[in-house]
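**Q** To start, I am sharing the structure in question, which I have written as structure tokens.
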Amino acid sequence: MVKERENVFSMLIKPLQKLLLERGFSKPTEPQEKAIPLILEGKNVLLIAPTATGKTEAALLPILNNFLLSKREPGIKILYITPLRALNRDLLERITWWCGRLDVGVAVRHGDTSLSERGKQAKKPPDMLITTPETLQAILPGKVMRKHLRFVQWVIVDEVHELACDKRGSQLSLGLERLRWITGKDFQVVGLSATIGSPEKVAGFLVGVNRPCEIVKVPVFRDVKLQIVYAKPSKKDYLISAKLYTHPEVAARLRVMKNLIEKHSSVLVFTNTRSIAEVLASRFKVWDVDYPLSIHHGSLAKPSRIWAEKSLKNGQLKGLVCTSSLELGIDVGRIDLVIQYGSPRQVTRLIQRVGRSGHSIGKTPKGVIITVDSDDTLEAMVIARRALKDELEPVEIPKKPYDALCHQLAGLLLQKRRWRFEEVLNLFRKAYPYSGLTMDDIISVLNYMHNRYPRIAWVSFDDHVFLRPQNLKALYQYYFENLSMIPDEKQYLVIDQTSDTPIGILDEAFVAEYGEPGIKFIVRGSPWKITSILGDRIYVKPVDDPTGAIPSWIGEEIPVPFEVALEVGWIRRFVEEELIKGKTEVEVVRDLAYRYPASETTITEALKEVFEHVRKGYPTPNDKRVTIEKWGDYLILQCCFGSLVNRTLARIIGHVFAEKFGQVVGVQEDPYRIVIQTERVVNPRQLKDILLE
């Protein structure tokens with residue numbers, strides 16, 4: 001009788017099994033149990049599992065196993081692609097532990113890598129290279145590095161959902177096809193993600209067209225403790241608000257958060273924008289200058305971020321106020337609670353963030369959403385219900401964006417002097433976002449490259465070939481200046497003149513409004529005063545003043561999906577219909593508490609306006625009804641269509657009003673309403689007629 005293997009670790013070679021015991025891994029996690037056998041077989045795998053369930057090892061160990069069994073020769077064999085540079089730093093520590101004990105060379109390469117380190121990698125390539133999508137683009141054309149990349153057999157793409165839904169992913173998918181052209185063969189691809197709404201689409205994106213991919217999905221929110229708190233101010237909060245220079249409602253939320261932080265040993269407080277993170281961190285500092293809580297976001301200087309990560313990990317801090325900068329798998333130690341300040345706006349955001357808690361295997365993730373108003377509370381209820389039911393937003397993969405295609409065609413010319421149209425079409429059509437690529441698309445982009453000044457490709461449309469232009473400098477300049485698909489925004493480095501150390505960066509829009517000597521503002525949760533501005537450097541000194549401007553940064557808003565806003569509208573309609581049928585408010589709340597993960601007290605508080613509407617006999621705006629209200633000089637269109645639909649509708653209304661009445665119209669929107677301000681009085685019926693036209 002054949003003895004059944006104890007677990008998948010027994011399938012690995014003896015040196016790896018010894019290291020697993022040394023690391024204290026006696027039993028595989030569910031993702032490891034499911035993924036390791038498939039990866040050992042050489043299959044492409046998309047692994048979807050919660051944060052801190054050993055995803056990295058699930059991909060790394062079987063690949064290291066197969067690498068150690070393969071023929072050892074110079075060259076990069078394993079490519080680990082990750083969307084954030086901060087993730088590289090953390091990954092390097094973990095991966096170095098395994099590779100160092102197995103005599104596997106590993107190195108990291110990104111924009112901050114020193115010239116001396118790049119030189120070392122060129123002379124003696126590592127067996128494994130950890131890099132970002134942009135740096136992969138930078139090394140693909142290099143003659144020496146390209147020679148080393150010929151040996152790639154395995155590619156790991158971490159946090160794949162961060163890449164699939166934007167042009168960074170479009171560029172990466174074409175970059176991987178270029179890499180296949182360099183290697184002359186296919187390679188095994190493993191993708192890792194904590195949250196994906198469209199697994200089949202993302203698997204296609206990961207491996208390309210007509211290539212098989214096994215999807216391993218471990219339920220993300222199977223075991224989780226989730227609470228929604230809509231804090232209302234007490235008498236005590238009015239006293240706190242005076243001390244903290246803020247509103248009583250904000251003081252109530254700060255008090256609830258402070259109590260939660262003090263009951264736990266390690267807490268992450270997520271906000272949706274860097275500005276709100278700065279507000280919260282600064283108020284906690286005003287409350288208690290020695291309070292063991294700091295701040296972490298992408299616009300802080302690298303030393304500040306590293307200090308915050310390490311201080312939370314070693315227990316020096318009890319909490320960090322952070323943004324999406326800590327959503328991904330950066331190691332900040334064991335987190336026993338995640339607080340989400342305000343609705344997370346999207347299901348995937350909530351799952352990713354709450355998944356940071358309960359880091360130890362077997363522990364339960366625990367999250368509290370602190371909501372700020374009734375819309376926010378109903379939205380949080382909808383998102384929490386969807387998260388618990390695993391109803392994630394579908395991933396929308398951009399279809400054949402031309403700017404990424406143009407950049408990759410330039411990249412091909414750096415790899416080879418002359419290309420045929422058909423050759424490129426066949427190569428790039430294998431990338432999932434470009435599966436619908438046509439010859440007309442190729443010709444259209446090449447036409448631009450040929451006719452722009454300076455020219456970046458010489459094209460013979462009759463012969464269907466394109467070549468490097470005579471002016472190679474223009475080609476190189478275009479390619480290397482456009483490595484990133486992330487839009488550029490001019491930024492200023494903020495330097496503490498007392499220690500000559502950088503503390504963060506500010507966007508041009510904020511500096512244009514507030515960038516003058518003597519102005520006070522908040523960064524890193526502390527107040528600073530501008531002393532001078534030299535070029536793109538702002539010199540500041542710390543001041544003891546709790547007031548100051550809060551910086552704003554570009555592109556921060558997380559849009560509320562149409563489906564989420566529509567369900568918020570459904571809740572309102574359900575309440576209205578049930579009350580009209582004769583149910584009491586208490587009964588309606590009890591019904592909703594059964595469906596949504598919120599207490600009856602929280603739901604009652606969130607529905608006060610809806611109850612009042614129904615009692616007064618007013619029609620309630622909901623998923624099937626749009627209402628128009630007049631309030632002073634404003635018209636308010638109540639419509640539960642989400643951020644993007646309402647933004648589009650608001651612009652159309654603004655344009656039509658301007659055309660019809662010949663005046664400038666002020667328009668603002670959120671996911672549930674559009675507010676219109678006009679110079680002359682406009683009747684609500686006029687807005688209704690415009691909408692119905």
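**Q** Please go through the stretch 240-263 and pick out each residue that is surrounded by fewer than 16 Cβ atoms within 10 Å (Cβ to Cβ) and modelled with pLDDT of 85 or more.
**A** Correct list: GLU249, ASN259, GLU262, LYS263.
**Q** Going through SER265, SER311, SER299 one at a time, which residue ends up being farther than 25 Å from THR82 by Cβ and either touching a residue at least 60 places away in the same chain (Cβ under 8 Å) or hydroxyl-bearing (Ser, Thr, Tyr) (or both)? Full working, then the answer.
**A** Values: SER311 fails: farther than 25 Å from THR82 by Cβ; SER299 fails: farther than 25 Å from THR82 by Cβ.
When all the criteria are applied, what remains is SER265.
**Q** Which residues, taken from the stretch 275-332, are closer than 20 Å to PRO542 by Cα, within 18 Å of the chain's Cα centre (by Cα) and of a type in the set (D, E, K, R)?
**A** ARG305
One line per residue, one yes/no per condition, for (1) under 28 Å from the mean Cα position of the chain (by Cα); (2) among the aliphatic types (A, V, I, L, M); (3) assigned to a helix (DSSP H, G or I):
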{"site": "GLN137", "(1), (2), (3)": "yes, no, yes"}
{"site": "LYS147", "(1), (2), (3)": "no, no, yes"}
{"site": "ILE156", "(1), (2), (3)": "yes, yes, no"}
{"site": "LEU176", "(1), (2), (3)": "yes, yes, yes"}
{"site": "GLY204", "(1), (2), (3)": "yes, no, yes"}
{"site": "VAL209", "(1), (2), (3)": "yes, yes, no"}
{"site": "LEU239", "(1), (2), (3)": "no, yes, yes"}
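**Q** Inside the stretch 497-525, can you point out the residues that are surrounded by 14 or more Cβ atoms within 10 Å (Cβ to Cβ), modelled with pLDDT under 75 and more than 25 Å from the chain's Cα centre (by Cα)?
**A** The answer is TYR514, GLY515, PHE521.
**Q** Quick one: which strands (runs of 3 or more DSSP E) lie wholly within the stretch 20-109 and hold at least 1 residues that are surrounded by fewer than 24 Cβ atoms within 10 Å (Cβ to Cβ)?
**A** Strands (runs of 3 or more DSSP E) meeting the threshold: 78-81, 106-109.
**Q** In addition: Does THR113 fit the bill of being within 29 Å of LEU21 (Cβ to Cβ), among the hydroxyl-bearing types (Ser, Thr, Tyr) and out of contact with any Lys or Arg (no Cβ under 8 Å at 6 or more places or on another chain)?
**A** Values: within 29 Å of LEU21 (Cβ to Cβ): no; among the hydroxyl-bearing types (Ser, Thr, Tyr): yes; out of contact with any Lys or Arg (no Cβ under 8 Å at 6 or more places or on another chain): yes.
Answer is no for this residue.
**Q** Here is a list of conditions, (1) in contact with an Asp or Glu (Cβ under 8 Å, 6 or more places away or on another chain); (2) in a helix (DSSP H, G or I); (3) within 25 Å of ALA598 (Cα to Cα); (4) polar (S, T, N, Q), and SER265 meets all of them except one; can you say which number that is?
**A** (2)
**Q** Still on this structure, please answer the following. Does LEU172 meet the test of being under 21 Å from ALA404 (Cβ atoms) and among the hydrophobic types (A, V, I, L, M, F, W, C)? Show your work before the answer.
**A** On the way: under 21 Å from ALA404 (Cβ atoms): yes; among the hydrophobic types (A, V, I, L, M, F, W, C): yes.
It is true that LEU172 is under 21 Å from ALA404 (Cβ atoms) and among the hydrophobic types (A, V, I, L, M, F, W, C).
**Q** Let me ask something else. What is the number of the single condition among (1) out of contact with any strand residue (DSSP E or B) (no Cβ under 9 Å at 6 or more places or on another chain); (2) within 28 Å of THR323 (Cα to Cα); (3) aromatic (Phe, Trp, Tyr) that PHE151 does not meet?
**A** It fails just one condition, (2).
**Q** For the stretch 409-457, name all the residues that are farther than 22 Å from TYR478 by Cα and not in a helix (DSSP H, G or I).
**A** ARG429, LYS430, ALA431, SER435, GLY436, LEU437, THR438
**Q** Further question: Just wondering, is there one or more residues in the stretch 283-306 that are small (Gly, Ala, Ser), assigned by TED's automatic domain parsing to the domain that holds GLU249 and not in a loop (DSSP other than H, G, I, E, B)?
**A** yes
**Q** State all residues of the stretch 424-442 that are surrounded by 15 or more Cβ atoms within 10 Å (Cβ to Cβ) and either assigned by TED's automatic domain parsing to the domain that holds SER170 or of a type in the set (A, V, I, L, M, F, W, C) (or both); if no residue qualifies, say none.
**A** Residues satisfying the conditions are VAL424, LEU425, LEU427, PHE428, ALA431, LEU437, ILE442.
**Q** So, one more: Restricting the search to the stretch 265-290, which residues are surrounded by 17 or more Cβ atoms within 10 Å (Cβ to Cβ) and not hydrophobic (A, V, I, L, M, F, W, C)? I'd like the intermediate steps shown before the answer.
**A** Here is the first cut: in the stretch 265-290, the ones surrounded by 17 or more Cβ atoms within 10 Å (Cβ to Cβ) are 266-287.
Once the filter is applied, which keeps residues that are surrounded by 17 or more Cβ atoms within 10 Å (Cβ to Cβ) and not hydrophobic (A, V, I, L, M, F, W, C), the stretch 265-290 yields SER266, THR271, ASN272, THR273, ARG274, SER275, GLU278, SER282, ARG283, LYS285.
**Q** Quick test for you: out of ILE335, ILE383, pick the one residue that is of a type in the set (A, V, I, L, M, F, W, C), in contact (Cβ under 8 Å) with a residue 60 or more places away in the chain, in contact with a strand residue (DSSP E or B) (Cβ under 7 Å, 6 or more places away or on another chain) and surrounded by 20 or more Cβ atoms within 10 Å (Cβ to Cβ). Give the derivation first.
**A** On the way: ILE383 fails: in contact with a strand residue (DSSP E or B) (Cβ under 7 Å, 6 or more places away or on another chain).
Testing whether each residue is of a type in the set (A, V, I, L, M, F, W, C), in contact (Cβ under 8 Å) with a residue 60 or more places away in the chain, in contact with a strand residue (DSSP E or B) (Cβ under 7 Å, 6 or more places away or on another chain) and surrounded by 20 or more Cβ atoms within 10 Å (Cβ to Cβ) leaves just ILE335.
**Q** Just checking, which of VAL645, VAL675, VAL667, VAL656 is farther than 25 Å from GLU563 by Cα and not assigned by TED's automatic domain parsing to the domain that holds ARG572?
**A** Just one listed residue meets the conditions, VAL656.
**Q** Out of curiosity, is VAL494 modelled with pLDDT of 80 or more, under 32 Å from the mean Cα position of the chain (by Cα) and under 29 Å from ARG283 (Cβ atoms)?
**A** yes
**Q** Of the residues that make up the stretch 462-473, is at least one touching a Phe, Trp or Tyr at 6+ places or on another chain (Cβ under 9 Å), of a type in the set (Val, Ile, Thr) and over 30 Å from LEU293 (Cβ atoms)?
**A** yes
**Q** Is at least one residue of the stretch 371-378 under 26 Å from PRO199 (Cβ atoms), surrounded by fewer than 19 Cβ atoms within 10 Å (Cβ to Cβ) and at pLDDT 90 or above?
**A** no
**Q** Filter the stretch 396-408 down to residues that are of a type outside the set (A, V, I, L, M) and either surrounded by 20 or more Cβ atoms within 10 Å (Cβ to Cβ) or in a helix (DSSP H, G or I) (or both), then give me how many there are.
**A** Within the stretch 396-408, residues that are of a type outside the set (A, V, I, L, M) and either surrounded by 20 or more Cβ atoms within 10 Å (Cβ to Cβ) or in a helix (DSSP H, G or I) (or both) number 5.
**Q** Does THR271 qualify as being modelled with pLDDT under 85, in the same structural domain as LEU312 (by TED's automatic domain parsing) and farther than 30 Å from GLN408 by Cα? First the steps, then the outcome.
**A** Numbers: modelled with pLDDT under 85: no; in the same structural domain as LEU312 (by TED's automatic domain parsing): yes; farther than 30 Å from GLN408 by Cα: yes.
For THR271, the condition - modelled with pLDDT under 85, in the same structural domain as LEU312 (by TED's automatic domain parsing) and farther than 30 Å from GLN408 by Cα - is not met.
**Q** How many of the residues in the stretch 563-604 are buried (at least 17 other Cβ atoms within 10 Å of the Cβ) and either assigned to a helix (DSSP H, G or I) or without any contact (Cβ under 8 Å) to a residue 24 or more places away in the chain (or both)?
**A** 22
**Q** Run down ALA404, ALA410, ALA384 and say which single residue is more than 30 Å from PHE428 (Cα to Cα), out of contact with any His (no Cβ under 7 Å at 6 or more places or on another chain) and small (Gly, Ala, Ser).
**A** ALA384
**Q** Which condition number does LEU320 fail, the rest of (1) of a type in the set (A, V, I, L, M, F, W, C); (2) crowded, with 20+ Cβ neighbours inside 10 Å; (3) more than 27 Å from SER374 (Cα to Cα) being met?
**A** (3)
**Q** Scan the stretch 117-136 and tell me whether some residue there is in the same structural domain as GLY100 (by TED's automatic domain parsing), in contact with a Pro (Cβ under 6 Å, 6 or more places away or on another chain) and within 20 Å of LEU92 (Cβ to Cβ).
**A** No, because not a single residue in the stretch 117-136 is in the same structural domain as GLY100 (by TED's automatic domain parsing), in contact with a Pro (Cβ under 6 Å, 6 or more places away or on another chain) and within 20 Å of LEU92 (Cβ to Cβ).
The values are calculated or read from the model by the stated rules, or taken from the named source; none is laboratory data. Everything quoted here is computed from the prediction, not taken from an experiment. Note: ideal-geometry Cβ built from the backbone for every residue, glycine included; neighbour counts use all protein chains shown.
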